[in-house]
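**Student:** Quick one: the structure is below, questions incoming.
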Amino acid sequence: MTTPQKTRDLAYRLLAYEAVAGKSSEPVESATIRVYQKLHQGLGEFAGVAAFQSLASRALALARAEAPSLSAARVATDGSLQGLCELEQQLDIDKDRPGEGGIILIDCLLGLLLIFLGETLTLSLLRAKWPEAALNDRNFESGRKA
């Protein structure tokens, strides 16, 4: 799935925000997992677990085409992401820096959210989960980094 550069930038900003936010609280999970879990929680509250599981499964399938390293990851029936932590440990990826596979997965998930929810609802969901992050309509529309 080829998403616009602004969606990739947004994915990277969310991952970078989580990486910085996680440093103060001694994270046990990668920034990718923390972003994924927040999206899971937010969309699960909005549309239900089954809707999120379906969307996340499709995003993972699309991301695998661009990042074959994600082949070990899978979305469980409850929508949780399994296998990514083990993959990141095998690749010895710094927990504070998202790997390319993580960026691609979050990018695909955001791309699908934009398709199915639209920009306004997607940004509302993101603002609810990341209230301190600079995620406003103008930054997203123009592609500028916050």
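**Student:** Nearest 0.05, what FRET efficiency do residue 21 and residue 121 give at R0 = 25 Å with Cβ-Cβ as r? If you can, show how the numbers build up before the last one.
**Tutor:** Working: r = 24 Å, r/R0 = 0.94.
The computed FRET efficiency comes out at 0.60.
**Student:** Mind listing the phi-derived Karplus ³J(HN,Hα) values for segment 123-131, rounded to whole Hz, using 6.51, -1.76 and 1.60 with θ = phi - 60°, and x for any glycine or proline?
**Tutor:** 5, 5, 4, 5, 5, 5, 8, 10, x
**Student:** In nanometres, what is the gap between the two model label sites at residue 49 and residue 133, each 7 Å from Cα along Cα-to-Cβ?
**Tutor:** It works out to 2.5 nm between the two label points.
**Student:** Next question, about the same structure. Fully extended, how many nm does the chain gain between residue 100 and residue 77 (0.36 nm per residue separation, minus their Cα-Cα distance)? Walk me through the numbers before you get to the answer.
**Tutor:** Details: separation 23, 0.36 × 23 = 8.28 nm, distance 2.50 nm.
5.8 nm is the gain from fully extending residue 100 to residue 77.
**Student:** When you count, for each residue, the other Cβ atoms within 10 Å and take the mean per peptide, how do 125-134, 107-116 rank with the highest first? Intermediate results must be reported in sequence, preceding the final value.
**Tutor:** Details: 125-134: 14.9, 107-116: 21.6.
Ranking the peptides 125-134, 107-116 by packing returns 107-116, 125-134.
We did not get these values from a lab; they are worked out from the coordinates using the rules stated. Nothing here was measured: the structure is a model prediction, and the numbers come from that model. Neighbour counts are summed over all protein chains in view; Cβ atoms, including those assigned to glycine, are modelled from backbone coordinates with ideal geometry.
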